[in-house]
């Protein structure tokens, strides 16, 4: 699928990649979800499937937080407070830690589903013009920033899961 250029394409891409990811997650054996066996987001690290889901939740919640900051009239801190764009590996580690207390696989998946639903609702709340008609962060539109942190990571995560599912 090409890069979304409007609201409907963004929603379609979000849901298509979400569905693909959910199918793959459903095939990961439950006894393997907390074992670090995937390449991590920081060079030289390993992560578990639970860490991967935590990463996706973290980015989803970060996007939602950007919009809460905006609605409150605050300056939006990109990518996150205390992190620069060249420190995304460290930010990934933070996201793993943020959800490490969710030691129930079903609870972690439910949190992921809730975050995805909030992101869909966020996109639905904006017009095409608000999503793609004007720059929102530097030269990037709001829709593109949402796509960078939903559609792309969902697809990347589904691909990463192939390493476990082929064993």
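Values quoted throughout were computed directly from the atomic coordinates according to the rules given, and no laboratory measurement underlies them. All of these numbers come straight from a predicted model, not from anything done at the bench. Here Cβ is always computed from backbone atoms with ideal geometry, including for glycine, and neighbour counts include all displayed protein chains.
Residues of segment 1-46 that are part of a loop (DSSP other than H, G, I, E, B), in contact (Cβ under 8 Å) with a residue 24 or more places away in the chain and touching a strand residue (DSSP E or B) at 6+ places or on another chain (Cβ under 8 Å): 37, 40, 41, 45. The sole residue among 49, 63 that is touching a residue at least 12 places away in the same chain (Cβ under 8 Å), surrounded by 13 or more Cβ atoms within 10 Å (Cβ to Cβ), farther than 13 Å from residue 149 by Cα and under 16 Å from the mean Cα position of the chain (by Cα) is 49. Residues of segment 114-154 that are part of a strand (DSSP E or B) and over 14 Å from residue 62 (Cβ atoms): 135, 136, 140, 141. Please verify whether residue 139 is out of contact with any strand residue (DSSP E or B) (no Cβ under 8 Å at 6 or more places or on another chain), surrounded by fewer than 20 Cβ atoms within 10 Å (Cβ to Cβ) and under 23 Å from residue 85 (Cα atoms), treating the condition exactly as stated. Spelling it out, residue 139 is indeed out of contact with any strand residue (DSSP E or B) (no Cβ under 8 Å at 6 or more places or on another chain), surrounded by fewer than 20 Cβ atoms within 10 Å (Cβ to Cβ) and under 23 Å from residue 85 (Cα atoms). Condition test on residue 144, is it farther than 30 Å from residue 164 by Cβ and surrounded by fewer than 15 Cβ atoms within 10 Å (Cβ to Cβ)? No, not satisfied.
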